[in-house]
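Have a look at the structure below before the remarks.
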Ligand code: MV4
């Protein structure tokens with residue numbers, strides 16, 4: 001039985017994991033860098049240990065040091081959160097070798113899914129739809145060019161070890177092929193130390209839809225429906241929702257069944273996410289699998305009523321899933337807006353400084369997952385995400401309306417945030433109608449548009465203020 005968990009992470013996710021642990025009467029240990037000495041995750045934990053200076057590679061990425069701390073404090077299990085060590089197969093293995101439980105899948109699954117080519121190879125025999133392309137690393141430029149011509153341009157060259165769009169290159173025609181392929185290989189070599197690349201047909205206006213899966217150690221695997229993640233900016237997700245407004249129950253079942261097969265293909269255990277592209281004709285294609293708890297997991301929690309961290313811990317405790325696929329259903333609609341300390345009017349530049357004012361909205365159907373309090377400094381060493389603003393409604397419209405209200409009630413001063421950008425998205429006709437794809441931000445957003453909206457609002461606010469002033473003063477009451 002797990003009685004004590006060390007959370008090898010920081011910020012909102014460390015706090016979120018510890019809250020569930022506490023609800024389950026499990027003790028918590030925080031690790032922190034010198035930049036996070038006063039952070040909420042440190043204050044919340046039952047015990048906390050400083051593991052090094054602010055840079056991640058001298059603190060949160062030091063797997064061996066974290067394991068040593070865990071052993072000293074008699075920890076039973078380590079939860080890696082997302083990012084940092086979460087998809088590091090060696091770390092998971094070391095945790096288990098040290099006699100503790102890694103709250104995540106086996107290293108075997110992490111390794112397979114860490115390589116896009118190995119992932120494709122593993123799922124090949126399960127009849128999972130994949131984008132037309134090569135299923136091996138390409139090395140011979142001339143041969144690769146012939147394959148590209150057969151598939152038809154535009155094509156996409158992808159790095160096998162890549163993620164988040166790194167090492168990806170679009171090739172519009174055969175003339176560009178050689179140069180782009182060389183670039184992709186050298187980019188992949190530099191970024192991942194692995195120059196393996198492969199080719200896929202480029203799906204031009206896809207939606208990015210991912211399926212949450214959950215598996216126990218007894219061969220039971222279910223899916224917890226989809227998350228729509230098409231609203232992203234430079235491969236950084238901005239808004240996520242569940243369910244997607246475009247999936248029919250039939251398509252949802254098909255994608256869910258495909259996701260379960262992908263999980264089974266790598267003997268997956270715990271919570272994981274299978275990513276798909278959906279084209280404009282509603283064909284879906286397997287892209288990759290993320291072998292961690294994801295940032296956007298709360299929207300799935302709100303529509304299923306499950307606590308995904310609790311499920312992860314139960315599975316890690318070697319318990320069977322307490323429900324089957326038939327027991328699961330979608331209730332209502334949820335959105336998540338990632339709030340970053342970035343300036344949407346200045347190329348989303350990180351905006352560091354002190355949170356002079358920090359007052360998150362609260363209320364029924366509003367959830368804020370954050371790791372900051374008023375007066376804190378936003379550290380420059382880490383991801384600039386301040387919080388996740390999550391809203392729920394019986395319908396999509398209701399959840400959208402609550403998001404707009406929550407955005408307007410969110411008070412942050414001292415740093416610029418992406419809240420105004422979020423408002424732009426939630427007011428946009430294409431978003432509201434559900435008629436969007438991964439090109440939404442590129443297609444519709446510009447700093448000029450946001451400025452224009454801000455100015456218009458400022459003018460309206462000024463008019464209201466003037467009206468109030470006139471009402472308060474004698475002017476309106478003067479006889480004609
Ligand atoms: C694609 C694609 C179009 N066609 N593959 C981007 C990150 C990585 N997870 C996969 N990505 C894409 N793969 C083919 N064959 C378009 C993207 C893509 C994308 C995918 C999901 C969410 C946002 C995206 C933004 C640009 C490109």
Problem - Failed item, numbered, when residue 287 is tested on (1) within 16 Å of the ligand (Cβ to nearest atom); (2) surrounded by fewer than 19 Cβ atoms within 10 Å (Cβ to Cβ) - result: (2)
Problem - Hey, residue 103 within 25 Å of the chain's Cα centre (by Cα) and in contact (Cβ under 8 Å) with a residue 40 or more places away in the chain or not - result: yes
Exercise for the section: Determine, yes or no, whether residue 319 is touching a strand residue (DSSP E or B) at 6+ places or on another chain (Cβ under 8 Å) and either assigned to a loop (DSSP other than H, G, I, E, B) or surrounded by 23 or more Cβ atoms within 10 Å (Cβ to Cβ) (or both). Expected result: no
Practice task
Among residues belonging to the range 131-151 that are more than 16 Å from the ligand (Cβ to nearest atom) and free of Cβ contacts under 8 Å to residues at least 12 places away in the same chain, point out the one that is nearest to the chain's Cα centre (by Cα).
Solution key: 139
Practice task
Evaluate the following for residue 262: is it within 16 Å of the ligand (Cβ to nearest atom), touching a helix residue (DSSP H, G or I) at 6+ places or on another chain (Cβ under 9 Å) and within 24 Å of residue 320 (Cβ to Cβ)?
Solution key: yes
Practice task
Would you check which residues across the range 10-41 are in contact with a helix residue (DSSP H, G or I) (Cβ under 8 Å, 6 or more places away or on another chain) and under 15 Å from residue 379 (Cα atoms) and list them?
Solution key: 10, 11, 32, 33, 36, 39, 40, 41
Fill in the blank from the handout: Residues of the range 359-394 being out of contact with any helix residue (DSSP H, G or I) (no Cβ under 7 Å at 6 or more places or on another chain) and part of a strand (DSSP E or B), in sequence order, are 359, 368, 377, 378, 385, 386
Practice task
With the condition kept exactly as written, say whether any residue in the range 405-428 is surrounded by fewer than 20 Cβ atoms within 10 Å (Cβ to Cβ), without any contact (Cβ under 8 Å) to a residue 24 or more places away in the chain and part of a loop (DSSP other than H, G, I, E, B).
Solution key: yes
Exercise for the section: Tell me, please, whether a residue that is within 16 Å of the ligand (Cβ to nearest atom) and either out of contact with any helix residue (DSSP H, G or I) (no Cβ under 8 Å at 6 or more places or on another chain) or modelled with pLDDT of 90 or more (or both) can be found in the range 457-474. Expected result: no
Practice task
Can you give me the number of residues within the range 69-110 that are in a helix (DSSP H, G or I) and surrounded by fewer than 18 Cβ atoms within 10 Å (Cβ to Cβ)?
Solution key: 7
Problem - Residue check, residue 245 at pLDDT 95 or above, under 30 Å from residue 342 (Cα atoms) and crowded, with 22+ Cβ neighbours inside 10 Å - result: no
Exercise for the section: Assess whether residue 336 counts as being surrounded by 23 or more Cβ atoms within 10 Å (Cβ to Cβ), within 16 Å of the ligand (Cβ to nearest atom) and more than 30 Å from residue 100 (Cβ to Cβ). Expected result: yes
Fill in the blank from the handout: Selection over the range 265-275 where residues are within 16 Å of the ligand (Cβ to nearest atom) and buried (at least 23 other Cβ atoms within 10 Å of the Cβ) yields a count of 3
Fill in the blank from the handout: Pairs returned, first residue in the range 237-251 that is within 16 Å of the ligand (Cβ to nearest atom), second residue that is in a loop (DSSP other than H, G, I, E, B), beta-carbon separation under 6 angstrom, 6 or more apart or interchain, are 240/296
Problem - Qualifying residues in the range 290-320 (those that are in contact with a helix residue (DSSP H, G or I) (Cβ under 8 Å, 6 or more places away or on another chain) and within 15 Å of the ligand (Cβ to nearest atom)) - the one nearest to residue 241 (Cα to Cα) - result: 295
Handout entry: Pair list, Cβ < 6 Å and 6+ apart or interchain, from the range 185-201 residues that are more than 19 Å from residue 119 (Cα to Cα) to residues that are within 16 Å of the ligand (Cβ to nearest atom) and modelled with pLDDT of 90 or more
Key = 185/197
Problem - Listing of strands (runs of 3 or more DSSP E) fully contained in the range 153-233 that carry 3 or more residues being within 11 Å of the ligand (Cβ to nearest atom) and within 24 Å of the chain's Cα centre (by Cα) - result: 155-159, 207-215, 221-233
Practice task
List the number of the failed condition for residue 281; all other conditions in (1) free of Cβ contacts under 8 Å to residues at least 60 places away in the same chain; (2) assigned to a loop (DSSP other than H, G, I, E, B); (3) touching a strand residue (DSSP E or B) at 6+ places or on another chain (Cβ under 9 Å) hold.
Solution key: (3)
Problem - Residue count, the range 439-466 (criterion: assigned to a helix (DSSP H, G or I), under 23 Å from the mean Cα position of the chain (by Cα) and surrounded by 13 or more Cβ atoms within 10 Å (Cβ to Cβ)) - result: 3
Practice task
Using the structure shown, decide if residue 431 is surrounded by 13 or more Cβ atoms within 10 Å (Cβ to Cβ) and part of a helix (DSSP H, G or I).
Solution key: yes
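The values are calculated or read from the model by the stated rules, or taken from the named source; none is laboratory data. What you see is a predicted model, and the numbers here were worked out from it, not measured in a lab. Backbone-built Cβ (ideal geometry, glycine too); neighbour counts: all protein chains shown.
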